[in-house]
Amino acid sequence: MGSSNQDILPGKTFPLGATVTPEGVNFCIYSKNAKALELLLFNAPDAPQPDRVIKFHPKEHKSHHYWHLFIPGIGAGQIYAYRAYGPFDPERGMRFDGEKVLLDPYSLAVVGWENYSRLAACLPGDNCATALRGVVVDSKAYDWEGDTPLHRPYSQTLIYELHVGGFTRNSNSGISPEKRGTYAGLIEKIPYLQELGITAVELLPVHEFDEQDVRPGLKNYWGYSTIAFFAPHRAYSYNQSPTGPVDEFRDMVKALHKAGIEVILDVVFNHTAEGSEQGPTLSFKGLENSAYYILEENQSFYSNYSGCGNTLKGNNDVVGRMIIDSLEYWVSEMHIDGFRFDLASVLSRSQSGHPLTDPPVLWAIESNPILANTKVIAEAWDAAGLYQVGSFIGDRFAEWNGPYRDEVRRFVKGTPGTIVRLAARIMGSPDIYPQPDREPNRSINFITCHDGFTLNDLVSYNEKHNEANNEESRDGANDNFSWNCGEEGETDDPEILALRLRQIKNFFTIILTSQGTPMLLMGDEVRRSQQGNNNSYCQDSELSWFDWSGVEKHSGLLRFVKGLIKFSQSLEIFQQEKILTVTFGSQEPHIIWHGVSLGEPDWGIDSHALAFTLRHPKAGENLHIILNAYWEPLEFELPPVGKDETWYRIVDTSLASPDDFYPLETAPIFTERLYPVEARSAVVLMAGYSNRKY
């Protein structure tokens, strides 16, 4: 192990991280209170000890709080890590431990997982042989073939929330075993996504995360345990060379863009994998603990606004810069189209944890020119009670609309008192977002997501069944607004099975005929089930994976969803960038509410039915949508249509496939004044010429 500094140059304070030049590599890292720092260079990813240790000399290699040096003659692929020496004084917020090998927060790729031990990073002693290391990456050495982010407006966007590993890991995926669960495997399934009709994939966390951050015997599957905000998760890469995940991830983005599909990343800037005071020292803790984390008054303890043991101090200048640098890197170098910010309200907290009116890091994201065309989507709450749906800062952030999920679930279940709020959700939630110039598509409408029941389980279980998580089912939400339709879990009762399928189609009909940007959960279109588990964060198994046998088994539902997506995505009325006017007559796009009788919606607490007409006169679009959540059939009066026009039945969820959906070109004509709507079903009609000029 060498330690000579003879060829070392002072280097530069920017950029942070490891930067490749034709002459060598510049290293720069932040630590305010470290007394000494060492750069460790390894000759292989699994080398138990460094081949070379380089000491930073403060007079030559430190400017303010930035440690920097330049090493000639090395380049991309070099494996490296750090040791930082300083006070171990937890009550003052300092946790330096020179025996711990530390990952560069700006690492662009991470190696060492084969020998990694989270436990060794928690216990006293040297953990070099089991520590993670960074990889020097030349981020410019990739041929994008002219690719750029797609910049599709929200009004034309349909999001599909997808887990990279779970999408192709199943043995029935048709992917070769070595590529299952990888970026490369996802590329092979792009034709499926194209045929489905979605326009964007929202990937559960792909920043490098710690799969060991979970109870013993389980595996962190979702990935909300980030350890490197610039590096793609290595376990999702078929290419396991030191820099392989970076290029394979780019290959995936480029292929998705060629298919017209945007890539949105779920990013976790609210906490890290280092956990609480009982957790490991992997990177941030050992470099400048009190800068990276919000601490309690007794700084030995971590504030836990994330529910995951610690809270990233996003409004610290250094941490805020790291967040912005990460976002800029993923847009400029990895061509990402957007970000969904997990527990985004954490980023509105001050350095002491109090909510801020004008949080600097969020305004920095809002106003950043590199991110100007990038989708930014907030999960506008945190785990400590801060709830900001409808009041999140700025003019750019879209928001996951939690009330949309809850009200649609309640209505379809048959809960009383839902009609007024349901109507608001269908319109883009103007009651939640009252700003007159706010685009309704900044409401991200969803009924299911990774966190909670799948759509199949929403209509199959009254209670969560999380026993496999080894927490005695204490984990996961209790208020799911689900209904099993008569029997808990799997059944062979034909009436219950038919009702469940109809309820699933009702959910799809509502979300795809609402104003706002719809988001669907991976596998809902083929009835993916988690057997009642509504918190599968630790289940890397068939319980969570996409079951590709469902494509054939549930081909009728898949046909329904594909058809309805294509139908709704083709209409101007569902691409409006302002709230629809509620009126009986206008040349502007508008909506008219009805009940069983025209113009007479029943807004009462016991009402379980609602109809509405959507009209876009300039586009020649006239739709009538009927939602009957009542447990008995109802007859609904239909609006008159223009001369030489008639109603065409696009959707009737009470009918079996293929009669439940027709494209306008082949849809059956309906000429009666009253439409008999079966119990718990939905109908979509569209006016068109009676001589069928389509």
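Taken together, the values in this text are just the output of simple stated rules run on the coordinates, not laboratory data. Being a predicted model, the structure only gives us computed values, none of them experimental. For neighbour counting, all protein chains shown are included, and Cβ atoms are generated from backbone atoms with ideal geometry for every residue, glycine included.
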Query - Selected residue [of a type in the set (Gly, Ala, Ser), surrounded by 13 or more Cβ atoms within 10 Å (Cβ to Cβ) and under 30 Å from Ile323 (Cβ atoms)] from Ala47, Ala18 - result: Ala18
Report task. May I ask you to verify whether Gly320 is assigned to a loop (DSSP other than H, G, I, E, B) and either free of Cβ contacts under 8 Å to residues at least 12 places away in the same chain or of a type outside the set (A, V, I, L, M) (or both)? Result -> no
Report summary line: The helices (runs of 4 or more DSSP H) lying wholly within the stretch 410-514 that contain at least 2 residues that are touching a Ser or Thr at 6+ places or on another chain (Cβ under 9 Å), of a type in the set (Gly, Ala, Ser) and crowded, with 23+ Cβ neighbours inside 10 Å are none
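A quick yes/no check of all residues on (1) crowded, with 24+ Cβ neighbours inside 10 Å; (2) within 19 Å of the chain's Cα centre (by Cα):
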| position | (1), (2) |
| --- | --- |
| Ala200 | yes, yes |
| Val206 | yes, yes |
| Glu211 | no, yes |
| Arg215 | no, no |
| Ser225 | yes, yes |
| Tyr238 | no, no |
| Pro245 | yes, no |
| Ile261 | no, yes |
Query raised in the report: Residues of the stretch 145-171 being exposed (fewer than 15 other Cβ atoms within 10 Å of the Cβ) and farther than 21 Å from Ala372 by Cα, which ones?
Result: Glu145, Ser171
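The rows are residues; the columns are (1) within 30 Å of Glu23 (Cα to Cα); (2) touching a Gly at 6+ places or on another chain (Cβ under 7 Å).
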| position | (1), (2) |
| --- | --- |
| Ile79 | yes, no |
| Arg92 | no, no |
| Lys100 | no, yes |
| Leu103 | yes, yes |
| Ala120 | no, no |
| Leu123 | no, no |
| Ala131 | yes, yes |
| Ser139 | yes, no |
Report task. Among the residues of the stretch 328-377, write down those that are surrounded by fewer than 17 Cβ atoms within 10 Å (Cβ to Cβ) and assigned to a strand (DSSP E or B). Result -> Pro355
